Amino acid sequence: MVVAKLHEAGLRAEHAYCAALASVGISFLSWAASVKAEKAGTDRADRWGIFIGEWAPTFFGLGLALSQYENGGGGLSRWKK
């Protein structure tokens, strides 16, 4: 149901995959920027990097769900109405 609504709103699997890859890059950039800009040390930089890095698996999973929905396969075909 959620995947169908996202697909109807225009979100495609490619968009989710691109967001996942971008979050990996942004995770590294936020870590590097935090190490250089903040005096809190690497602990805070690690937390920033991990926080943003946790988005990638969510976007990859969403991309897989959308891909299955778009191909009409898997268990997701029941969502089509």
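The values are calculated or read from the model by the stated rules, or taken from the named source; none is laboratory data. Here the structure is a predicted model, which is why all the values come from computation and not from measurement. For the accessible areas, the whole protein counts, side chains as well, though only heavy atoms, and no ligand, DNA or RNA atoms are used. Shrake-Rupley method; radii C 1.70, N 1.55, O 1.52, S 1.80 Å.
Once the Cα atoms of helix 13-37 and of the chain are each reduced to a long axis, what angle between those two axes, in degrees from 0 to 90 to the nearest 10, is obtained?
10 degrees
Measure off, as a whole percent, the carbon and sulfur share of the 1.4 Å-probe accessible area of the chain, all protein chains present. Numbers along the way, then the final one.
Details: 3630 of 5550 Å².
Carbon and sulfur atoms account for 65 percent of the accessible area of the chain.
On a 0 to 90 degree scale, rounded to 10, what angle separates helix 42-53 from the longest Cα axis of the chain?
With both axes taken from Cα atoms, the answer is about 10 degrees.
To test your reading of the geometry: what angle, between 0 and 90 degrees and rounded to tens, separates the Cα axis of helix 55-71 from the longest principal axis of the chain?
It works out to around 20 degrees.
Per DSSP H run of n ≥ 4, the term is -39500 (n - 2.57); total these for the chain, divide by its residue number, and report the mean residue ellipticity at 222 nm rounded to 500 deg cm²/dmol. Intermediate results must be reported in sequence, preceding the final value.
On the way: 4 runs with 61 residues, N = 81.
Taken over the chain, the calculation gives -24500 deg cm²/dmol.
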